[in-house]
1. Quick one: in the stretch 80-99, of everything that is touching a residue at least 24 places away in the same chain (Cβ under 8 Å) and either touching a Phe, Trp or Tyr at 6+ places or on another chain (Cβ under 7 Å) or in a helix (DSSP H, G or I) (or both), which residue is nearest to MET178 (Cα to Cα)?
2. VAL76 - would you say it is modelled with pLDDT of 95 or more and either within 24 Å of SER154 (Cβ to Cβ) or touching a strand residue (DSSP E or B) at 6+ places or on another chain (Cβ under 8 Å) (or both)?
3. Do we find a residue being of a type in the set (Gly, Ala, Ser) and crowded, with 18+ Cβ neighbours inside 10 Å anywhere in the stretch 152-159?
4. Would you mind telling me which numbered condition in (1) more than 14 Å from the chain's Cα centre (by Cα); (2) modelled with pLDDT of 95 or more ASP54 fails?
5. Only one of ALA38, ALA65, ALA69, ALA44 is within 9 Å of the chain's Cα centre (by Cα) and buried (at least 18 other Cβ atoms within 10 Å of the Cβ). Can you tell me which?
6. Filter the stretch 170-191 down to the residues that are buried (at least 16 other Cβ atoms within 10 Å of the Cβ) and of a type in the set (A, V, I, L, M) and list them by number.
7. Mind checking which residues of the stretch 105-136 are assigned to a loop (DSSP other than H, G, I, E, B), open to solvent by 30 Å² or more (accessible area, probe 1.4 Å) and not β-branched (Val, Ile, Thr)?
Amino acid sequence: MSPSAVSTVATAASFELPVDKYPVESLAKAILDDRWTAWENYGANQETNEKYMDPNANKKPAEIAQPIAEAGAELVTKALFVEGFEANPRLSHMKITETKINVATIERALITWEDSVPYKRTMAATGEVRNVSGSADEGHAEFTVSWTNSSNASENRISTEYDKNDTIPVTGTYTFTMKVVDGNWKIADIQY
């Protein structure tokens, strides 16, 4: 199952990056375009909307979104981050930040579910992957990539009713340090 199609019943395995399928040069797109986008949209789906629309639930979007985003963060970090990542302030901060983004995404998706285009976020590697070193055979790798994070807020009422700034893409650069653990690439560090 591709992580981009995950529901809230996904497994960590659907987010893993097996070394035999992902050479170092392909990791940036696999991490950002696929796994990160899926993480930020985790739980923004029909299943969650049904919970929200249930007349017996009587919950606000944030009350539904928070536990789903926390479960998604546990799932994704188990698949993508090295064990003990919490001791690394950058990786720990990344988990907190992505969980907050995921909560906001779920909330906005619930608000716009009946719009012609429900809210969604997209993370994308942009440009060439630079400073590539290491390999699966060596058990580690490092690379730098530029990225853009954006939403489709201009296609629904988020940009007009809630947050006009949500239409502005955010850009940056990450340097990933990867390790091979049990046949999968894991993020050991991230510089930003």
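1. Looking at residues that are touching a residue at least 24 places away in the same chain (Cβ under 8 Å) and either touching a Phe, Trp or Tyr at 6+ places or on another chain (Cβ under 7 Å) or in a helix (DSSP H, G or I) (or both), I get LEU80.
2. Values: modelled with pLDDT of 95 or more: yes; either within 24 Å of SER154 (Cβ to Cβ) or touching a strand residue (DSSP E or B) at 6+ places or on another chain (Cβ under 8 Å) (or both): no.
No: the conditions fail for VAL76.
3. Just the residues of the stretch 152-159 that are of a type in the set (Gly, Ala, Ser), to begin with: 153-154, 159.
Going one step further and asking which of them are crowded, with 18+ Cβ neighbours inside 10 Å, we end up with 153, 159.
There is at least one residue in the stretch 152-159 that is of a type in the set (Gly, Ala, Ser) and crowded, with 18+ Cβ neighbours inside 10 Å.
4. Checking ASP54 against (1) more than 14 Å from the chain's Cα centre (by Cα); (2) modelled with pLDDT of 95 or more, the one that fails is (2).
5. Numbers: ALA65 fails: within 9 Å of the chain's Cα centre (by Cα); ALA69 fails: within 9 Å of the chain's Cα centre (by Cα); ALA44 fails: within 9 Å of the chain's Cα centre (by Cα).
One residue alone meets the criteria, ALA38.
6. MET178, VAL180, ILE187, ALA188, ILE190
7. To start, the set of residues in the stretch 105-136 that are assigned to a loop (DSSP other than H, G, I, E, B) comprises 113-120, 136.
Filter once more, so that each one left must be open to solvent by 30 Å² or more (accessible area, probe 1.4 Å): 113-118, 120, 136.
The answer is TRP113, GLU114, ASP115, SER116, PRO118, LYS120, ALA136.
The values are calculated or read from the model by the stated rules, or taken from the named source; none is laboratory data. Treat the numbers as computed from the prediction; the structure is a model and nothing was measured. Positions of Cβ are backbone-derived with ideal geometry, glycine not excepted, and every protein chain shown enters the neighbour counts. For the accessible areas, the whole protein counts, side chains as well, though only heavy atoms, and no ligand, DNA or RNA atoms are used. Shrake-Rupley method; radii C 1.70, N 1.55, O 1.52, S 1.80 Å.
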